[in-house]
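Here's the structure, in structure tokens; my notes come after.
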Amino acid sequence: MTEFKTLRGMRDLLPDDAELMIYVQETARKIAKLYGYKEIITPVVESYELLATKAGDEVKSRMFTFKDLGGRDVALRPEFTPSVARLVATSMRNEPKPFRIFCMGSAYRYDEPQRGRYREFWQSDFELVGTFRPEADAEILTLTDSLFQKVGLRKFGLKVGHVGILRGILGKEKVKEKDQNAIMQLMDKKQYDDAVKLVEDACVSKKCVEAVRELIECKGKDIVDVLNRIRELVKNYENSVAAVENLRTILELVNNSGYKIDLTVDAGFARGLEYYTGMVFEIFVPDLDIALGGGGRYDKLVELFGGEPTPAVGVAHGMDRITLAMGTQKIDFKAKKERTIIVVPIKEELKTEALKIARLLRDADMLVEVEVMGRKMTKALEDADRRKTDYAIIVGERELKEGSVVLRDLSKRDQRIVPIEKLVDEIKR
Ligand code: HAM
């Protein structure tokens, strides 16, 4: 008989890992609520064309694509942004702007599996739709900070850039869009020499090649200084200057509104996805060299899908990588664990009474299991102990006649008789 395993890059999350994953997801949901993002649910399978249009070569080449039985080219979503843009162009077209959308679910990329890189992974995705203004970009950065703070990660930083800086130069030098995209893809992969070579091949001025070369080196945490240096390098390219000033405004808003985010500005920073038009960013922690999230502004995608011109900015957080980082930063997310209870009938005939008591406690929002193996009390209690259950309720004939049960504190190993109607108060106390 074949021993079945998960496919390469796919994982089962067993209870402990699943609990951590759900904790991170619930925290993302809380942040969505706090910032006014409404959750929507979109399909895992979408048209290949929708997902591929602006994905960029890297993501496109890693999509799980297939023909469905109707002969349509479809794919598993590698991300959520195209689905959201599709909705904004169609069913949500008349929604008053701005609106805030949140999605969470699994995404699929045929990446080479390694620590933190899987073929099925989870994202929480936030999209702020309908405004060009820098406050919106700042909000996406600050909500990302809020999520990371809330799960307990203290050591993390944001790398920020603006695609308009480089595109402003290449556009003025009449480099074709296709070549610009290829240059950005190489920059994303940090293949800077190859990127510069492509810039040279595009027959642009010496001055331009020099500016691109120097921009790649232009990065740092002293935001004012780095932005001034970038501005000086691009001073002959008005769209690039506008991009630098836009980035300056966004980062000033973030810094002046009391968020203490560890920011690094990097002029040569690009993202693989091709729909970005403005500020872009990624999140990193010290012990992992992969991004825990990324996002940016995309003002043309909705239009490309047939909608009204609609500016938008968003972010997706890698839930799996956040759980990994919580592990390396030793964050105990179980601090406020709820108490657990097992109800054990002393004999077969008391099963129904045990079920009734379990129902009573669950009605009071308590976490209750019932003995279902017909074991003797000692065996059932041993098992409850092994699973770190907090309380056992022992249902015996003698106590039941008095309307009571035995409540046993399994960690303290003491027990007392408690009237059933006082059970909830007694456990909560
Ligand atoms: P992305 O940078 O491609 O952006 O993905 C966001 C995050 O998803 C990554 O930073 C990473 O944490 C996680 N991720 C990506 N691939 C994998 C993988 N193979 N294994 C584990 N985690 C992975 C987007 O997806 C954009 N849609 C973000 C966005 C929203 N931009 C605007 N709005």
Where labels lie 7 Å past Cα in the beta-carbon direction, separation of LYS97 and SER411 in nm: 5.4 nm
Most positive-pole-ward Cα, CYS103, ILE216, LEU153, against dipole of the chain from beta carbon charges: LEU153
Helix 377-386 axis, angle to the chain major axis (alpha carbon atoms, nearest 10°): 20 degrees
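What Kirkwood hydrodynamic radius, in Å, does region 36-78 give when the mean of 1/r is taken over all pairs of distinct Cα atoms and then inverted?
Values: mean 1/r = 0.0883 Å⁻¹.
About 11.3 Å for region 36-78.
Given the convex hull of the Cα atoms of region 31-107, what is a quarter of its surface area in nm²?
Working: hull surface 24.2 nm².
Dividing the Cα hull surface by four gives the mean projection, 6.0 nm².
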Counting only Cα atoms, I'd like the Rg/Rh figure for the chain, Kirkwood definition for Rh. 1.11
The alpha-carbon center of region 285-333 and that of region 190-225 are separated, in whole Å, by 26 Å
Interatomic Cα distance distribution for region 148-267, bins of 5 angstrom, percent: 2, 11, 21, 22, 17, 12, 8, 5, 2, 1
Normalising by the residue count of region 179-244, find the relative contact order in percent from Cα pairs under 8 Å and 6+ residues apart. 20 percent
Most to least packed among 250-258, 415-423 [average Cβ atoms within 10 Å]: 250-258, 415-423
For region 278-429, what is the convex hull volume of the alpha-carbon atoms per residue, in Å³? 213 Å³
Work out, step by step, the length gained on full extension between PHE64 and ASP111: first 0.36 nm times the residue separation, then minus their alpha carbon distance; give nm to one decimal. 15.9 nm
Going toward the positive end of the dipole of region 219-290, with +1 on Lys and Arg Cβ and -1 on Asp and Glu Cβ, which of ILE261, ASN239, ILE283 do you reach last? ASN239
Gaussian network model of the chain, springs between alpha carbon atoms under 10 Å - residue of ASP194, ASP12, ASP266 with greatest fluctuation: ASP12
At 222 nm, what helix-only mean residue ellipticity would the chain give, in deg cm²/dmol to the nearest 500, using -39500 (n - 2.57) for each DSSP H run of four or more? -12500 deg cm²/dmol
Extending each Cα 7 Å along its Cβ direction at THR90 and PHE333, get the distance between those two points in nm, one decimal. 3.3 nm
Degrees, to the nearest 10: 206-217 long Cα axis against longest axis of the chain: 20 degrees
Residue (of LEU400, THR144, LEU14) at the positive-pole extreme of the chain, dipole from beta-carbon charges: LEU400
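How large is the charge dipole for the chain, taken about the Cα centre, if only the Cβ atoms of Lys, Arg (+1) and Asp, Glu (-1) carry charge, to the nearest 20 debye?
The calculation lands at about 560 debye.
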Take the residue pairs LYS33/LYS60; LYS388/LYS428; LYS33/LYS219; LYS176/LYS206; LYS30/LYS219; LYS54/LYS190 and return only those whose Cα atoms are more than 24 Å apart. LYS33/LYS60; LYS33/LYS219; LYS30/LYS219
Bin all alpha-carbon pair distances of region 272-317 at 5 Å intervals from 0 and give each bin's fraction as a whole percent. 5, 21, 25, 19, 12, 8, 5, 3, 1
Region 164-225: radius of gyration over Cα atoms, expressed as a fraction of 2.2 N^0.38 Å: 1.09
Rounded to the nearest 10 degrees, the helix 177-188 long axis (Cα) sits at an angle to the longest Cα principal axis of the chain of 50 degrees
With +1 assigned to the C-beta of every Lys and Arg and -1 to the C-beta of every Asp and Glu, and no other charges, what is the dipole magnitude of region 101-238 about the Cα centre in debye, to the nearest 20? 240 debye
Value of relative contact order over the chain, rounded to a whole percent, pairs C-alpha under 8 Å and six or more apart: 16 percent
Using the Cα centre as the reference, give the magnitude of the dipole from point charges on the C-beta atoms of region 300-418 (Lys, Arg: +1; Asp, Glu: -1; all else neutral), rounded to the nearest 20 debye. 460 debye
What residue among PRO15, PRO309, PRO98 has the largest mean-square fluctuation in a Gaussian network model of the chain, using Cα springs under 10 Å? PRO15
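Bear in mind that the values in this text are calculations on the coordinates, not laboratory data. All values derive from a computational prediction rather than experimental measurement. When we count neighbours, we look across all protein chains shown, and the Cβ atoms used for this are built from the backbone with ideal geometry, even at glycine.
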